[in-house]
Amino acid sequence: MSSAEVSTLAAAATPRAFKVWRQGAVAVTAWVAVALLISYWPNATRVWPMTQGLANLCLAVAALIGLLGIVGRWSATVATRIRAAGAWLIALPILLAIWELLTAKLGLLPVPFFAPPQALLAVYVEDWPRLADSLLHSALLLGTGVALGAATGFVAGVAIGWSTSIGYWLHPVLRILGPVPSTALLPLCFFLFPTSWSASVFLIALATWFPVTVLTWSGVASVDKAYYDVARTLGAKQGFLIFKVAIPAALPHVFVGLFMGLGASFSTLVVAEMMGVKAGIGWYLQWAQG
């Protein structure tokens, strides 16, 4: 065995020097400091439930970060992921401390409108069955409306972008309904539809339909004509041009439309549930306010 091979084996057998993860150490210190702040700084206005529970949760987060830092010593995957989140692990306890100081400790923000973090934790712990049921109903309602709106919006967008005759009839609908917020149609929909659930599904679908339709239409219409010419030269039919050329080229626009539609549909969901649905996040907000 050569001297180079011996030195290589010796280097491999020698344990690596321990490198301190500085961001992790700062994050652990920050979470422990927040826990001490929550535990020992007296509340300004009232004794909030789950104050000590929130402090214990902060200590648990600090312990978890420290444990992951130790595990990352032997796992490159864990080390890479946790080091990438190091800045956030420091920023979150700072934001939590500011929130705690402004609400529970100093009382600078009015309590009915700005609840301290331990009050939210108490709701999650004490009222989780009703909250979980509301989240389940909201997810079902949101998923149904978004799926319906995305499917119809995708079909309408492809049709408008591909066919000028279809676009002739659908353009006025887009121009009339597009600028109108879905929440503005709440009274009309609750009057026309047999149930509040079906009216909410329609409003959520409408909120999703418009951005998906417009951006899908834009994506199909902006496909380079050279793609169609090359495909036609190779003998492609109209169906091939639509499903194999136009739609794949327009997918980036479609996903942007889905992202925008999801945000609009979520706001519509909460408003619709506050107005008439018997379960969901919006209903829970109304119920919690009494």
I want to confirm something. Restricting to region 151-165 and keeping residues that are of a type in the set (Val, Ile, Thr) and farther than 13 Å from Phe243 by Cα, which single residue is surrounded by the most Cβ atoms within 10 Å (Cβ to Cβ)? Ile160
Of everything in region 62-106 that's outside any helix (DSSP H, G or I) and out of contact with any helix residue (DSSP H, G or I) (no Cβ under 7 Å at 6 or more places or on another chain), which residue is surrounded by the fewest Cβ atoms within 10 Å (Cβ to Cβ)? Trp74
Among the residues in region 235-252, are any assigned to a loop (DSSP other than H, G, I, E, B) and surrounded by 12 or more Cβ atoms within 10 Å (Cβ to Cβ)? yes
Condition first: modelled with pLDDT of 90 or more, crowded, with 16+ Cβ neighbours inside 10 Å and in a helix (DSSP H, G or I). Can you find one or more residues in region 132-143 that meet it? no
Within region 172-206, can you find the residues that are under 24 Å from the mean Cα position of the chain (by Cα) and part of a helix (DSSP H, G or I)? Ser182, Thr183, Trp197, Ser200, Val201, Phe202, Leu203, Ile204, Ala205, Leu206
With Leu269, Leu262 as the choices, which residue is assigned by TED's automatic domain parsing to the domain that holds Ser134, farther than 19 Å from Gly178 by Cβ and aliphatic (A, V, I, L, M)? Leu269
Filter result (hydrophobic (A, V, I, L, M, F, W, C), within 16 Å of Ser200 (Cα to Cα) and touching a residue at least 12 places away in the same chain (Cβ under 8 Å)) within region 140-160: Leu141, Leu142, Val146, Leu148, Ala150
Are any residues in region 78-135 aromatic (Phe, Trp, Tyr) and under 17 Å from Ala35 (Cβ atoms), and if so, which ones? Trp99
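The values are calculated or read from the model by the stated rules, or taken from the named source; none is laboratory data. As the structure is a computational prediction, the values presented were derived from the model and not from experiment. Please note: Cβ atoms are built from the backbone with ideal geometry, for glycine as well, and neighbour counts cover all protein chains shown.
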